[in-house]
Amino acid sequence: MSVLVVIECDHGDVKKSSLEVATYGAKVAAQLGTTATAVAVGEVTAANLAKLGEQGITKVLHDADARLKHFVNLAYVKLIAAAAQQESAKVLVLANSNIGATVGSRLAVRLEASLATNAVELPTINGAAFTVRRGVYSGKAFADVTLMGERKIIAVKKNSIEAEHAAGQTAEVVSFTAALTDADFADAPKEVKMASTEGGILLPEADKVVSGGRGMKGPENWHLIEDLAKALGAATACSKPVSDVDWRPHHEHVGQTGITVSPNLYIACGISGAIQHLAGVNSSKVIVVINKDPEAPFFKAADYGIVGDVFEVLPKLTAAVKALG
Amino acid sequence: MLVVGGRPTEAKLVGQIDSASIVGPAGKNAGRDSIGLVVDERVVQEVKGLQRGGAAARAIELKEAAGSGTVTVLNVGEADTEVIIRKAISIGADDAIRVNAFPKDAFFVAQQIAHYAKEGGYDVILMGKESIDFNGFQVHGMVGELLGIPTIAPALKLDIAGDTATLEREIEGGKEVVEVKTPFVVSCQQPMCEPRIPNMRGIMAARTKPLKVVEAIGQSDRTAVAQFALPPAKQGVKLFTVEQAADLVKALRTEAKVL
Ligand SMILES: Cc1cc2nc3c(=O)[nH]c(=O)nc-3n(C[C@H](O)[C@H](O)[C@H](O)COP(=O)(O)OP(=O)(O)OC[C@H]3O[C@@H](n4cnc5c(N)ncnc54)[C@H](O)[C@@H]3O)c2cc1C
Ligand SMILES: Nc1ncnc2c1ncn2[C@@H]1O[C@H](COP(=O)(O)O)[C@@H](O)[C@H]1O
């Protein structure tokens, strides 16, 4: 019996959210008195996989098949199911990402496992039953879900647990394969269009986000958002109307109809705080709002705020962040 | 094509958010009143979502473009979900099925959908991205696996020509163009197409279109909600003046510890 952790990789490295997942899996393994093995999907180097030892992973299974570089639902499911079988895994931990949750729900049927997506805390283990806290109602509430049966699958929400780094620990990387056939690649992408990340930080992975709304007045003013984001090492985001009029690309739009983010820090600049926008950001740990209207609804959801003009405030914030060093 | 959606809590949302009123899907099983918790505005949004360029709207658009085919709406829920089902029919679906059961958990719902989808021989099964109350993102994957067909989730675009569909699948930080043969399951990200607002004719017609009520098959004892909880209340916003911008940054480091 062991815990199997699914690690998503990209551009040769392990995604930040997967470092959190690895930490979560290692902690569950410790709770159960067993070890955590990982299975990697996506493009990654063996050296970077070995570093998963820092998160407490002892062994990493890696299939270097080039066809697995990009997300293929059926093939990933088969690979992970084979790894779970080989390791007699009773608990499977993945990221609550589009990839992780899609694969996880399929595996729940194939492995006859009970499933909790969007988990925000470690499970409470009571004999064979796990109780896992998960986010519901777009971050407005939690549900403590009891997972029954012999096998459990948990998809962990980003930024719910901090990745551990025990320097010097390495995991053993073992090559692994799962007799994949052409049928397993039925949903293989014909084309992959990745958003360009000029600042190098992908919005869904970011732990700090600077976001702009209609109050920014036009795309020509976005350098103010970008400068602050750069100083903070943050990703940039926007409200829906901003992407609707093409001031910013669609993939930057957060909210009910866009991406849901849960960074440690979300700075909203010239965004009113409509309920549909809040739905995508209200599980952020700390929310800072800059708005010239003291009555803007966003202030009710904020931890810190400045009532003022973004054009005046943003340069001051950027300078202050740079001064922090 | 089969469009599935609409949890019962979406149909009867009441109340403000306080811990006493948080009773969701499994709450009913726990012997309490089934009260959905979501602010009213969002409920209205969700009902509108059916028309607002979601799965149902796209299915009907595709049917009209092809000039043939049918669109059936399926919901797993008790009688009170029929309000939502009728709404979906009023924008142009042909008929509807209600599986008369409380949607206990995702696996239970998926079993119903897979069973009736197979029985009806549907070529495309369209769903939403996630239920607005439970935020599961689970049902589509389960249905695909139960039927042994691909699931594309979440999709930003869906086009069908003959037995081949071209979809745009959203992944973290980008999208993939995927081509699959029917049958398949797709989870639709709104807005996938132009919204469809029901007209008077549609609303009248919806009253007479068939809504078949069928019984549930199988059961699920895999998961149960033990309790609901609320996040700790926000302390209230701490305001700084424009001149104090640097103090705010300091507070983010020393007090909030996020820098
Ligand atoms: C079904 C549906 C789904 C939706 N989904 C989303 C979604 O996913 N995401 C989303 O964001 N929206 C969504 N919306 C839209 C949402 O309702 C709001 O309209 C939108 O979020 C408003 O964007 P905004 O705050 O940028 O613009 P506005 O509401 O116009 O607010 C601009 C704000 O900037 C402030 N401001 C102006 N000038 C300055 C200045 N110089 N300095 C400082 N502050 C200034 C103003 O006081 C105001 O508060 C959805 C709507 C519907 C109906
Ligand atoms: N009770 C239900 N009846 C019909 N479809 C449902 C039901 N619950 C969920 N679904 C569908 O499954 C999708 C994903 O739901 P979930 O996995 O609960 O987030 C939703 O967007 C709906 O399309």
### Message
Helix-only mean residue ellipticity at 222 nm, the protein assembly as shown, DSSP H runs n ≥ 4 weighted -39,500 (n - 2.57), per residue, nearest 500. What is it?
### Response
-8500 deg cm²/dmol
## Note on the structure
So, relative contact order of the stretch A:213-321 in percent, Cα under 8 Å, 6 or more apart, is 25
### Summary
Helix A:310-324: inclination vs chain A longest Cα principal axis, degrees, rounded to 10, gives 60
### Task
Just the ratio, please: alpha-carbon radius of gyration of the stretch A:44-192 over 2.2 N^0.38 Å, N its number of residues.
1.10
### Between helix A:16-32 and chain A: long-axis angle, C-alpha atoms, 0 to 90°, nearest 10
50
#### Entry: For A:PHE176, distant residues with modelled amide H under 5 Å away
A:HIS62, A:ASP63, A:ALA64
### Message
How shielded is A:114-122 by partner chains, expressed as the average number of their Cβ atoms within 10 Å of its Cβ atoms?
### Response
4
### Query
Which angle from 0 to 90°, rounded to the nearest 10, does the C-alpha axis of helix A:73-86 make with the longest principal axis of chain A?
50
### Message
Using the Karplus curve 6.51 cos²θ - 1.76 cosθ + 1.60 with θ = phi - 60°, what ³J(HN,Hα) values do you get for each residue of the stretch B:161-169, in whole Hz, with x for Gly and Pro?
### Response
10, x, 9, 10, 10, 10, 10, 10, 9
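Work out the mean other chain Cβ neighbour count within 10 Å for the residues of A:262-273 and drop it here as an integer.
1
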### Amide proton proximity set for B:LEU74, modelled H, under 5 Å, gap of 5+
B:VAL3, B:VAL4, B:GLY5, B:ILE97
### Query
Magnitude of the Cβ-charge dipole of the stretch B:114-188, K/R +1 and D/E -1, about the Cα centre, nearest 20 debye?
40
### Query
Under a straight-distance cross-link criterion of Cα-Cα below 13 Å, which aspartates and glutamates are reachable from A:LYS69, leaving out those fewer than 8 residues away in the same chain?
A:GLU8, A:ASP10, A:ASP13, A:GLU43, A:GLU191, B:GLU176
### Query
What total accessible surface area, summed over both chains, is buried at the interface between chains A and B, computed with a 1.4 Å probe and given in Å² to the nearest 100?
6800
### Message
5 Å is the cut-off here: which amide hydrogens, built 1.01 Å from N in the peptide plane, fall below it relative to B:CYS188, excluding neighbours closer than 5 in sequence?
### Response
B:MET127, B:GLY128, B:LYS129, B:ALA155
#### Entry: Cβ-defined net charge surrounding B:GLU145, 15 Å radius [Lys, Arg +1; Asp, Glu -1]
+3
### DSSP bridge orientation in the protein assembly as shown - percent antiparallel, rounded to nearest 5
35
### Message
Restricting to lysines 8 or more places apart or on different chains, can you count the pairs in the stretch B:151-259 with Cα atoms under 18 Å from each other?
### Response
5
### Message
Suppose each label sits 7 Å from its Cα in the direction of the beta carbon; what would the A:ASN48-B:MET200 distance come out to in nanometres?
### Response
6.2
### Task
On the protein heavy atoms, probe 1.4 angstrom, tell me the percent of accessible surface of the stretch A:1-78 carried by carbon and sulfur.
55
### Query
Accessible area per residue, 1.4 Å probe, Å², for the stretch A:87-127: what's the number?
27
### Message
Need one value for B:115-126: mean number of C-beta atoms belonging to other chains within 10 Å of its residues' C-beta atoms.
### Response
0
### Query
Carbon-plus-sulfur fraction of the accessible area of the stretch B:166-259, 1.4 Å probe, in percent?
55
### Message
Can you compute 3J(HN,Hα) from phi for each residue in the stretch A:272-282, using the Karplus curve 6.51 cos²θ - 1.76 cosθ + 1.60 with θ = phi - 60°, rounded to whole Hz and x for Gly and Pro?
### Response
6, x, 4, 4, 5, 6, 4, 4, x, 10, 6
### Query
For the stretch B:78-94, what does the Karplus curve 6.51 cos²θ - 1.76 cosθ + 1.60, with θ = phi - 60°, yield as ³J(HN,Hα) per residue in whole Hz, taken in order and with x for Gly and Pro?
8, 3, 5, 7, 5, 4, 5, 4, 4, 4, 5, 5, 5, 8, x, 6, 8
### Task
With a/c under 1.5 counting as rounded, go ahead and sort the stretch B:199-257 into rounded, prolate or oblate using the C-alpha gyration tensor (a ≥ b ≥ c being the square roots of the eigenvalues; past the cut-off, prolate if a/b is larger than b/c, else oblate).
oblate
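The values are calculated or read from the model by the stated rules, or taken from the named source; none is laboratory data. Everything quoted here is computed from the prediction, not taken from an experiment. In this analysis, Cβ positions are derived from the backbone assuming ideal geometry, glycine residues included, and neighbour counts consider all displayed protein chains. All accessible areas refer to the heavy atoms of the entire protein, side chains included, with ligands and DNA or RNA removed. Shrake-Rupley method; radii C 1.70, N 1.55, O 1.52, S 1.80 Å.
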